Amino acid sequence: MGAGIGWGSLGTDTGGSIRIPASYCGVVGLKPTYGLVSRHGVFPLSWSLDHVGTLTRTVADAAWLLKAIAGHDPQDVTSVDRPVPDYPAALDGHVRGLRLGVLEQHLGQDLHPGVAEVTLTAIKELERAGMRTQAVRVPSLELADPALLIAILPEATVVHREWLLSQPADYAEMTRQQLELGALVPAVDYVHVQRFRRRLLTEFLELFDRIDVIANPTVAWEAPKRIPR
C-alpha cells in the first residue's frame, strides 16, 4: 500500500506487527478489538494476544475491509457473536466535539524529535477540526511492555513445544532461544500477568468514560531508511 501497488491487505498483530510497519510506511494499520475478526486458519503465536487486522491506504479503505472480515466464526472459540456495525457509514468526516485524550506518558524524552513534531502537528490539526483535547494518563501503562513478554513467551512455547523437542535445529538460533526461554517463565508470574491485564483493561475502560479517542505515537523513533541485513 505504501508503494501504491495494493488496495489493502491482512496482517496479524500480537505486539505491534500491524501497527508498527503501518506507521513506518505511512499507511493505516488497524488492530481490531479482540474477538471481532476470526483467527481461524492463522498460525498462532500467543492465543490470548493474537489479532487479525487490516493494512490499507486510507481509513475509509480500512472501514470497508474490516466490514468484510469482521463477524462471528464458530471455528474460532474467541470469536464474539454480535452484529457487525456498518463501519463505512460511520465515516461522515466530522469530528467536532469528540474528546481526544493525549497520552502524555508516550510524549516523554525518549520520543525522537521528528516523531514528536509530527505527533504534535497531528494533534493540532485534530483540534482545529473541532476535537476537544486533554492530557490523560494510564497509571499501570509503564508495566505493559514487561508484562507482554511474560504473556507471549510461554504461550508461544506451548504452540511450538512438539517441534522444539523433535526438530530444534530447524529453528533460527535466536528464535529457538526465545521459545526455550518461555519454558522458564514461572507459572506464578504468568498468572500475575493475567491479573495485571485485567487491571490495565479496567484503567483503559475508565479512561474511555471521559474521552472518545486516544492520540499517541505508534513508535518513538523514525522509520529506518533501510532494513539492516
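One table, with the values for the structure above:
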{"read-out": "Total residues in the range 149-165, condition open to solvent by 50 Å² or more (accessible area, probe 1.4 Å) and under 30 Å from L207 (Cβ atoms)", "value": "2"}
{"read-out": "Cross-chain or 6+ apart pairs with Cβ under 8 Å, the range 155-170 first and touching a residue at least 60 places away in the same chain (Cβ under 8 Å), then of a type outside the set (S, T, N, Q) and in a helix (DSSP H, G or I)", "value": "E155/G182; A156/L179; A156/G182"}
{"read-out": "Residue among I5, I18 that alone is open to solvent by 60 Å² or more (accessible area, probe 1.4 Å) and either at negative phi or in contact with a strand residue (DSSP E or B) (Cβ under 9 Å, 6 or more places away or on another chain) (or both)", "value": "I5"}
{"read-out": "Residue satisfying all of: in the range 166-198; β-branched (V, I, T) and open to solvent by less than 90 Å² (accessible area, probe 1.4 Å); nearest to L45 (Cα to Cα) among these", "value": "T175"}
{"read-out": "Selected residue (criterion: farthest from S23 (Cα to Cα)) from residues of the range 99-117 that are open to solvent by 60 Å² or more (accessible area, probe 1.4 Å) and in contact (Cβ under 8 Å) with a residue 60 or more places away in the chain", "value": "R99"}
{"read-out": "Residues of the range 105-119 classified as outside any helix (DSSP H, G or I) and farther than 13 Å from A215 by Cα, total", "value": "5"}
{"read-out": "Residue satisfying all of: in the range 22-44; within 21 Å of V159 (Cα to Cα) and touching a helix residue (DSSP H, G or I) at 6+ places or on another chain (Cβ under 7 Å); surrounded by the most Cβ atoms within 10 Å (Cβ to Cβ) among these", "value": "V37"}
{"read-out": "Answer from V102, V95 - the residue that is assigned to a strand (DSSP E or B), of a type outside the set (D, E), over 17 Å from the mean Cα position of the chain (by Cα) and within 29 Å of A135 (Cα to Cα)", "value": "V102"}
{"read-out": "Which listed residue, of V188, V213, V193, V219, is in contact with a Gly (Cβ under 9 Å, 6 or more places away or on another chain) and closer than 21 Å to P146 by Cβ", "value": "V219"}
{"read-out": "Residues satisfying the stated conditions in the range 123-148, i.e. within 23 Å of the chain's Cα centre (by Cα), open to solvent by less than 50 Å² (accessible area, probe 1.4 Å) and more than 23 Å from L200 (Cβ to Cβ)", "value": "I123"}
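Conditions tested, residue by residue: (1) open to solvent by 30 Å² or more (accessible area, probe 1.4 Å); (2) under 24 Å from I150 (Cα atoms).
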| site | (1), (2) |
| --- | --- |
| S46 | no, yes |
| H51 | no, yes |
| A62 | no, no |
| V84 | yes, no |
| P88 | no, no |
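The values are calculated or read from the model by the stated rules, or taken from the named source; none is laboratory data. Treat the numbers as computed from the prediction; the structure is a model and nothing was measured. Cβ coordinates were reconstructed from backbone atoms using ideal geometry, including for glycine residues, and neighbour counts include every protein chain displayed. SASA here: full protein model, heavy atoms, side chains in, ligands and nucleic acids out. Shrake-Rupley method; radii C 1.70, N 1.55, O 1.52, S 1.80 Å.
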